[in-house]
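Asker: Next up is a structure, given as structure tokens.
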Amino acid sequence: ANFTIDRTAPTVTGVVYGVSYNTDRTITFNEGTATLNGDPFASGETVSAEGNYTLIVTDAVGNVTTVSFTIHKTGPTVTGVVYGSSYNTDRMITFNTGIATLNGDPFASGSEVSAEGDYTLIVTDAMGNVTTIAFTIDKTVPIISGVTDGSIYNTNQSITFNEGTATLNGDP
């Protein structure tokens with residue numbers, strides 16, 4: 001009578017126990033059947049949705065390999081500024097996680113930006129997920145030429161301004 005003793009658990013590739021990933025993961029195993037969070041899972045399938053996962057692979061004689069891992073792809077949440085916006089007031093900027101730079105210099109959550117200028121805030125979390133916000137602070141009012149506030153004219157006036165858009169009596 002020939003028999004084989006198998007005490008070797010299945011080998012899993014593509015994920016490692018306790019590791020968090022910010023990319024899709026293609027998971028393979030060398031033998032057995034598997035479940036992912038309790039649902040059947042085939043070797044070579046890709047996991048892409050964010051969440052916490054437990055993969056359990058069992059071979060024909062009952063050896064088990066269990067791998068718990070996380071997929072987290074969402075960048076940090078930033079409040080106080082919105083991508084592409086311009087502001088004419090100081091801005092207090094906060095973010096929920098990670099480290100940040102503002103125009104290349106270190107920036108702490110809860111700090112205020114008050115100087116006029118164009119800014120790029122880059123916040124990176126521990127997973128390498130990045131949130132980038134470009135914004136402008138412009139506190140200088142436009143310069144209007146051709147008329148003076150409160151004046152009365154009896155001829156047509158050519159009105160110019162150095163930036164922005166304008167309305168005259170509500171019309172563009």
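The values are calculated or read from the model by the stated rules, or taken from the named source; none is laboratory data. Computed from a predicted structure; not experimentally measured. Heads up, the Cβs are rebuilt from the backbone with ideal geometry, glycines too, and the neighbour counts pull from every protein chain shown. Keep in mind that these areas ignore ligands, DNA and RNA; they rest on the heavy atoms of the full protein, side chains included. Shrake-Rupley method; radii C 1.70, N 1.55, O 1.52, S 1.80 Å.
Asker: Look through the range 23-41, keep the residues that are open to solvent by 50 Å² or more (accessible area, probe 1.4 Å) and either under 22 Å from the mean Cα position of the chain (by Cα) or hydrophobic (A, V, I, L, M, F, W, C) (or both), and return whichever of them is nearest to D125 (Cα to Cα).
Answerer: Among those residues, the one meeting the criterion is T23.
Asker: Hey, any hits in the range 98-112 for a residue that's modelled with pLDDT of 95 or more, within 17 Å of the chain's Cα centre (by Cα), among the hydroxyl-bearing types (S, T, Y) and surrounded by fewer than 15 Cβ atoms within 10 Å (Cβ to Cβ)?
Answerer: Looking for residues that are modelled with pLDDT of 95 or more, within 17 Å of the chain's Cα centre (by Cα), among the hydroxyl-bearing types (S, T, Y) and surrounded by fewer than 15 Cβ atoms within 10 Å (Cβ to Cβ), one finds at least one in the range 98-112, hence yes.
Asker: Among the residues of the range 128-147, write down those that are over 30 Å from A100 (Cβ atoms) and surrounded by 10 or more Cβ atoms within 10 Å (Cβ to Cβ). Walk me through how you get there before you give the answer.
Answerer: Within the range 128-147, the subset over 30 Å from A100 (Cβ atoms) is 141-147.
Those that are over 30 Å from A100 (Cβ atoms) and surrounded by 10 or more Cβ atoms within 10 Å (Cβ to Cβ): V141, P142, I144, S145, G146, V147.
Asker: Please list, ordered by first then second residue, the pairs with beta carbon atoms under 8 Å, 6 or more apart or interchain, first in the range 111-132 and more than 28 Å from D24 (Cα to Cα), second part of a loop (DSSP other than H, G, I, E, B) and of a type in the set (D, E, K, R).
Answerer: Sorted first by the residue in the range 111-132, then by its partner, the pairs are E112/D90; V113/D90; S114/D90; E116/D138; E116/K139.
Asker: Being open to solvent by 80 Å² or more (accessible area, probe 1.4 Å), out of contact with any strand residue (DSSP E or B) (no Cβ under 6 Å at 6 or more places or on another chain) and of a type in the set (G, A, S): is that true of S151 here?
Answerer: no
Asker: Here is a follow-up. Name, by its number, the condition in (1) open to solvent by 30 Å² or more (accessible area, probe 1.4 Å); (2) under 30 Å from V47 (Cα atoms); (3) of a type in the set (D, E) that does not hold for D125.
Answerer: (1)
Asker: Just give me the residues in the range 66-90 being buried (at least 16 other Cβ atoms within 10 Å of the Cβ) and at pLDDT 95 or above, in sequence order.
Answerer: V67, F69, I71, P76, V78, G80, V81, Y87
Asker: Just wondering, is there one or more residues in the range 155-164 that are open to solvent by 50 Å² or more (accessible area, probe 1.4 Å), of a type in the set (S, T, Y) and outside any loop (DSSP other than H, G, I, E, B)?
Answerer: Within the range 155-164, the first condition is being open to solvent by 50 Å² or more (accessible area, probe 1.4 Å), and the residues that meet it are 155-164.
Still in the list and also of a type in the set (S, T, Y): 155, 158, 160.
With the extra rule that they be outside any loop (DSSP other than H, G, I, E, B), the set shrinks to 160.
There is at least one residue in the range 155-164 that is open to solvent by 50 Å² or more (accessible area, probe 1.4 Å), of a type in the set (S, T, Y) and outside any loop (DSSP other than H, G, I, E, B).
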